[in-house]
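The values are calculated or read from the model by the stated rules, or taken from the named source; none is laboratory data. Everything quoted here is computed from the prediction, not taken from an experiment. All Cβ positions, glycine included, derive from the backbone under ideal geometry; neighbour counts span all protein chains shown.
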Amino acid sequence: MKKPALFILFLIPLFAFSQQNSVLSTGNWYKISVDETGIYKITYDDLTGYGIDPGQIDPRNIALYGNPAGMLPEPMDDPYYTDPTPLAIEVIGEDDGSFDPEDYILFYGQSPVIWKYDPETKQFHHEINLYTQQTFYFLTVSDEPGKRIQIQQSETLPHNAIIDTLDLLIWHEKELVNPGKTGKRWLGEWFAEDINRDFDFDLNNYELYPHGHLFFTSLMARTNEKSYFNISINNTAFAPVTMNQVNPQSSYSFYRQSTFDTVFSLSGNSVTVSYNFTPADDEAKGWLDYFEMDIKLKPVFSGGQMCFRSSQNIGPGTVALYQLKTNQPEDLMVWNVTDPLNISNMELNVENNSVWFKIRNDDLLEFCAFNGSTFYSPEFEGQAENQNLHAAQPPDLLIITYPGFLEQANHLAAFHEENDGMSV
């Protein structure tokens, strides 16, 4: 369990805002959250539950604001968002200017966990958000039309690449313990009384290729002599992972890390990842940090919704043909969600039991396919109070503290205000 850090962080603000007022400074704003990546639906009843009277609004003026998921960059000179940004959404039934009981809102929501693609190695690696388990969005009804998803025309140039392999990305990481009791590095399962652990995944909604799947794991251990982790996938064992000893004289090295990656095959639609820790002695301790899998899929849509990407045939000048097999091609929609701020609805061509489109594939692209039968529902977090950080005068000193230390932080703020004349 995470505990509050016993420190107060001081920041000297060096920022300036490019606009005079914050987006949230006026109007009524309704805060919602999501924890999975996919297509979300807000219904008439949902709006009523938020405190909005659907009969009194023009649905064409409904707007959703947010920013791409993931942590803010730590370097101060990296670009970052200082305000929620308008997001493209779809409002079904808005054309008549009335939000009726059968009308609804669709939007693309992102998990706080993001994936980063390395074009050199053609590998994906996930990054959890250390500060939240949800991604937040803000719904409002403004005085002007909101941003809407537009149709993206299929590329007219002849294709020079065919995408026939998709990447299903799976991760497991739990922030359970901080063995060194310092820093932001947290570890997962501890291999103590139970030196064996299994992790099961059901992939029955997908059609898998038998070969070429990727696995990567990070492991930690504190041991006086070499210890080992034994890993198997669906009972196929790999070479033991050596965990080197920690220097007992070291005052800063509490554990040692080892990583392991491999390519594996599957004969069915389930995956079991098994770990066994072989300690050198009774004092040795081992932890699972995380593992990732890149499962290679056939381009088949089985129903509901499916977000996908492909590391195949990416490069300058590439015009790629994407084709999805499906039993009901006339019901399928595919959103291009590569840029979560500017989502587009792909123009699809129907051919037998499949749909296809062509698109420039210079960089990694992300899509979500859905047939309208299954959507996620966001959580309502409450009405957000108006705030205008852009118009606020930056203080001389900003104190960030855990709520349990608020009294001490206030004393410190008062000291600097009275003795140094600082605005805190």
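I need the full set of residues from the stretch 281-325 which are more than 25 Å from residue 157 (Cα to Cα), over 27 Å from the mean Cα position of the chain (by Cα) and in contact (Cβ under 8 Å) with a residue 12 or more places away in the chain, in order please. Lay out the reasoning, then the answer.
Taking the stretch 281-325 first, the residues more than 25 Å from residue 157 (Cα to Cα) are 281-297, 301-307.
Remaining after also requiring over 27 Å from the mean Cα position of the chain (by Cα): 281-286.
Answer for the stretch 281-325, where residues must be more than 25 Å from residue 157 (Cα to Cα), over 27 Å from the mean Cα position of the chain (by Cα) and in contact (Cβ under 8 Å) with a residue 12 or more places away in the chain: 281, 283, 284, 285, 286.
Residues 99, 136: which one is in contact (Cβ under 8 Å) with a residue 12 or more places away in the chain and farther than 25 Å from residue 333 by Cβ? Can you show your working first?
Numbers: 99 fails: farther than 25 Å from residue 333 by Cβ.
Of the residues listed, the single one that is in contact (Cβ under 8 Å) with a residue 12 or more places away in the chain and farther than 25 Å from residue 333 by Cβ is 136.
Determine whether the stretch 228-239 contains at least one residue that is crowded, with 18+ Cβ neighbours inside 10 Å and either of a type in the set (Val, Ile, Thr) or within 30 Å of residue 312 (Cα to Cα) (or both). Let's see the steps before the verdict.
Filtering the stretch 228-239 down to residues crowded, with 18+ Cβ neighbours inside 10 Å leaves 228-229, 231, 233.
Okay, now just the ones that are also either of a type in the set (Val, Ile, Thr) or within 30 Å of residue 312 (Cα to Cα) (or both), so 231, 233.
Yes: the stretch 228-239 contains one or more residues that are crowded, with 18+ Cβ neighbours inside 10 Å and either of a type in the set (Val, Ile, Thr) or within 30 Å of residue 312 (Cα to Cα) (or both).
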Could you tell me which residue of the stretch 389-415 is surrounded by the most Cβ atoms within 10 Å (Cβ to Cβ), considering only residues that are of a type in the set (S, T, N, Q) and more than 21 Å from residue 22 (Cβ to Cβ)?
401
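Confirm whether residue 121 is farther than 30 Å from residue 55 by Cβ, part of a loop (DSSP other than H, G, I, E, B) and touching a residue at least 40 places away in the same chain (Cβ under 8 Å). Quick ask: steps written out before the conclusion?
Values: farther than 30 Å from residue 55 by Cβ: yes; part of a loop (DSSP other than H, G, I, E, B): yes; touching a residue at least 40 places away in the same chain (Cβ under 8 Å): no.
Criteria not met by residue 121.
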Residue check, residue 339 in a loop (DSSP other than H, G, I, E, B) and either touching a residue at least 12 places away in the same chain (Cβ under 8 Å) or not acidic (Asp, Glu) (or both)
no
Could you say which residue among 69, 16, 5 is at pLDDT below 85, closer than 18 Å to residue 129 by Cα and aliphatic (A, V, I, L, M)?
5
Considering residues that are surrounded by fewer than 13 Cβ atoms within 10 Å (Cβ to Cβ), in a loop (DSSP other than H, G, I, E, B) and over 23 Å from the mean Cα position of the chain (by Cα), the number found within the stretch 42-76 is 2
Name the residue, out of 254, 277, 301, that is surrounded by fewer than 18 Cβ atoms within 10 Å (Cβ to Cβ) and aromatic (Phe, Trp, Tyr).
254
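Any residue at all in the stretch 87-94 that is without any contact (Cβ under 8 Å) to a residue 40 or more places away in the chain, acidic (Asp, Glu) and in contact with a Pro (Cβ under 6 Å, 6 or more places away or on another chain)? Break it down into steps so the answer makes sense when it comes.
Taking the stretch 87-94 as the starting set, the residues that turn out to be without any contact (Cβ under 8 Å) to a residue 40 or more places away in the chain are 92-94.
With acidic (Asp, Glu) added as a condition, the list becomes 94.
Now narrow it down to the ones that are in contact with a Pro (Cβ under 6 Å, 6 or more places away or on another chain): 94.
Taking every residue of the stretch 87-94 in turn, at least one turns out to be without any contact (Cβ under 8 Å) to a residue 40 or more places away in the chain, acidic (Asp, Glu) and in contact with a Pro (Cβ under 6 Å, 6 or more places away or on another chain).
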